[in-house]
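Everything on this sheet refers to the single structure shown next.
The values are calculated or read from the model by the stated rules, or taken from the named source; none is laboratory data. This is a predicted model, so every value here is computed, not measured. Ideal geometry is used to build each Cβ from the backbone, glycine not excepted, and the neighbour counts take in all protein chains shown. These accessible areas exclude ligands, DNA and RNA; they are computed on the full protein's heavy atoms, side chains included. Shrake-Rupley method; radii C 1.70, N 1.55, O 1.52, S 1.80 Å.
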Amino acid sequence: MISTEKIKVVISDLDGTLLNSDHKISQYTKTVFQELHNQDYLIIVATGRHHLDALDIVEDLGCPVYLVTSNGARIHSPQKELLFSFDIQSDAIKSVFDLQIDSEITTILFKENLWQTNKNNEKLNSYQKKSKYLPEIVDFKTLEDFESIKFYFTHDNHQKLVDLRDQILEKHPDDFSHAFSLPFCLEFMDKSVDKSVAIAKILEKENFVFEQTISFGDGFNDENMLKSSGKGLIMGNAPESLKDRLSHLEVILTNDNEGVAKYISKKLLNN
């Protein structure tokens with residue numbers, strides 16, 4: 001067990017972690033994070049969301065944060081300066097999209113200024129309320145440029161996504177990293193991209209190490225981040241399979257119960 005006195009860096013996921021089920025940050029959480037900043041903690045938000053979407057969300061915290069987006073494919077400074085950027089090449093993605101993908105599955109390319117999708121998905125759109133990052137419905141069979149930050153599949157039937165993942169990995173065993181950010185969300189990035197890798201770049205820049213970090217997450221795209229941190233905390237609302245895989249880590253209150261803020265207030269700020 002690491003002493004919280006050694007913690008100098010606070011890292012948090014967004015959806016299912018800092019954000020409640022309405023995809024909002026509570027006023028209490030904002031107050032706690034502003035106090036973290038006042039007490040000179042470095043704050044990093046690491047999310048699967050696109051930076052155009054996430055920048056507006058973290059601005060609402062009311063304090064400066066480093067922002068890791070698209071699971072590590074982009075890093076922005078607290079001044080919103082782009083520090084790191086990595087895209088997947090067009091041919092690599094096209095070879096995936098040439099596979100026979102179930103037409104019921106919503107397919108998405110995360111581009112720099114918009115996201116391209118094969119269909120309108122109300123569940124997905126609910127995550128993008130008031131976002132500047134807008135969808136474009138396209139026919140992927142006629143698309144020429146597939147270069148993207150990441151590609152993404154969603155369906156309510158988790159097993160359909162597991163089958164698709166296995167199909168893609170059979171053809172591309174070494175090209176991509178992947179994660180279920182939620183049971184209904186399957187994401188693929190370049191093999192070099194991961195939240196923990198991006199966080200390591202920030203820590204090096206700021207002269208910290210992982211042993212000085214505490215992190216909060218609820219998805220499989222948080223797994224390496226949680227394992228790498230000096231102290232990793234799993235949200236109560238995380239999938240049971242993630243809790244089982246990281247059974248050595250503490251489980252805290254859910255996102256709807258402001259689990260992150262309450263833990264920080266009690267353990268770091270001693271409130």
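Brief remarks on what is shown
- Restricting attention to region 212-228, the residues that are touching a strand residue (DSSP E or B) at 6+ places or on another chain (Cβ under 6 Å) and within 20 Å of GLU258 (Cβ to Cβ) add up to 6.
- Some residue of region 214-225 being part of a loop (DSSP other than H, G, I, E, B), open to solvent by less than 10 Å² (accessible area, probe 1.4 Å) and hydrophobic (A, V, I, L, M, F, W, C): no
- Tallying residues that are in contact (Cβ under 8 Å) with a residue 12 or more places away in the chain and out of contact with any helix residue (DSSP H, G or I) (no Cβ under 8 Å at 6 or more places or on another chain) within region 87-102 yields 9.
- Residues satisfying the stated conditions in region 241-265, i.e. open to solvent by 90 Å² or more (accessible area, probe 1.4 Å) and either at pLDDT below 95 or hydroxyl-bearing (Ser, Thr, Tyr) (or both): SER247
- Of all residues in region 1-17 being open to solvent by less than 70 Å² (accessible area, probe 1.4 Å), of a type outside the set (Val, Ile, Thr) and farther than 16 Å from LEU42 by Cα, the one that is modelled with the lowest pLDDT: SER3
- Against the numbered list (1) under 22 Å from VAL65 (Cβ atoms); (2) surrounded by fewer than 17 Cβ atoms within 10 Å (Cβ to Cβ); (3) free of Cβ contacts under 8 Å to residues at least 24 places away in the same chain, GLU170 comes up short only at (1).
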